[in-house]
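The values are calculated or read from the model by the stated rules, or taken from the named source; none is laboratory data. Note that this is a predicted model, so its numbers are computed, not measured. As a convention, Cβ positions derive from the backbone with ideal geometry for all residues, glycine included, and neighbour counts pool all protein chains shown. The accessibility values were calculated without ligands, DNA or RNA, using every heavy atom of the protein model including side chains. Shrake-Rupley method; radii C 1.70, N 1.55, O 1.52, S 1.80 Å.
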Amino acid sequence: MTHPPLPPLIRATDLGDVLGRDGLRVLDASTGLALGPEGAGYVATPLLDAYRRAHIPAAVFADVRNGLSDPDAPLDFTLPGPGRFAAQIGALGVGDGDDVVVYDSGGAWATRVWWLLRLHGHDRVSVLDGGLRAWQAAGMPTEAGEVTPRPATFTARPRPELLADVDEVAALSASGGCLVNALDPATFRGEQPVNPYPRRGRIPGSTNLPFDGLLDAATGRFRPVAELTRLLRAAGLLDGGRAVTYCGGGIAATVPAFAAFLVDGTEVAVFDGSLTEWTGDPDRPVEVG
């Protein structure tokens, strides 16, 4: 039996209504992120122990840092090739035609997996609004231990239009195109107390739309569609032209990309290398202030 697709953003109670349905796969993408020394980037830790203590029933742990990234790339979280992604996501039990719901315990890890799946041609993927915190706040059950998935066959069908590389970003920067920085205002200005990137500053011509401003601080849930529309439109993401989001390493940038899709189906590309790649090249200009 083929079920209608789930909405891109699903509430905890609505997920509870369909949990256990044939063809539904739930992924826990929770990851911890801490600043390293000045100029040394971030330290990402898959929160596997926390998952083992409490997760949504039948949820499988998705290791974004190691399993769903390219381990041989010089930058953390680099997009894996289609073959590796298909093998890794298939090993998590996700097959062609499955509905996928992704959640995390805070941050932008669920939207990163949403973007990875859609980039590889899988549309039946949703994000749990508010993540594990919202699930528990709704009084929904959790379980302990670790779920071992049954491997499935996933066919990667890449959508290159959802990805921006450094040369396209440079061209958009030079032409005044829509580039949106999803980091906090201090980092956007190059004034952050500790700088995890090779150089301080932003890509010239970009605007700032902090990813966490799209979320309710008290609940971690996305703001109402009317508020998202106002914020995204002010940043130029809903103007109909080519738009690219970036952050430090391609994680937070997926939140405004998801929000634009949620509002009206707008497709926004993500610059995967983001500031780590851009500021690591001394020939690329930066703006501060």
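So here's what we get for this one:
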{"item": "Residue list for the range 48-64, given a label point 7 angstrom along the Cα-to-Cβ vector of residue 136 and an amide N cut-off under 13 Å", "result": "50-56"}
{"item": "Computed helical MRE - 222 nm, the chain, DSSP H runs ≥ 4 contributing -39500 (n - 2.57), nearest 500", "result": "-8000 deg cm²/dmol"}
{"item": "Gain on full stretching of the segment that runs from residue 186 to residue 167 - 0.36 nm per residue minus C-alpha separation", "result": "4.3 nm"}
{"item": "With every protein chain in place, the range 211-289: carbon and sulfur % of accessible area (1.4 Å)", "result": "53 percent"}
{"item": "Which of 2, 163, 178, positive extreme of dipole for the chain (C-beta unit charges)", "result": "2"}
{"item": "q = 0.21, 0.31, 0.34 Å⁻¹: log10 I(q)/I(0) that the Debye formula gives for the range 116-156, counting C-alpha atoms only", "result": "-0.93, -1.00, -1.08"}
{"item": "Nearest-20 debye value, the chain charge dipole, Cβ charges on Lys, Arg, Asp, Glu", "result": "340 debye"}
{"item": "Around residue 252: net Lys/Arg minus Asp/Glu count, Cβ-Cβ under 14 Å", "result": "-3"}
{"item": "The range 71-130-the range 150-188 distance, computed between alpha-carbon centres (Å)", "result": "15 Å"}
{"item": "Average accessible surface area per residue within the range 163-289, 1.4 Å rolling probe, Å²", "result": "40 Å²"}
{"item": "Per residue solvent-accessible surface (Å²) - the range 1-120, probe of 1.4 Å", "result": "41 Å²"}
{"item": "Additional length obtainable on full extension of the chain from residue 11 to residue 153, 0.36 nm per residue less Cα span", "result": "48.3 nm"}
{"item": "Directionally averaged projected area (convex hull, Cα atoms, the range 167-289), nm²", "result": "7.2 nm²"}
{"item": "Average Cα contact separation per residue, the chain, under 8 Å, 6 or more apart, as relative contact order %", "result": "21 percent"}
{"item": "Within the range 104-192: Cβ-based charge dipole about Cα centre, in debye rounded to nearest 20 (Lys, Arg +1; Asp, Glu -1)", "result": "300 debye"}
{"item": "Peptides ranked, highest mean first, by Cβ atoms within 10 Å: ranges 113-125, 9-21", "result": "113-125, 9-21"}
{"item": "Rg to Rh quotient for the chain, alpha carbon positions, Kirkwood Rh", "result": "0.95"}
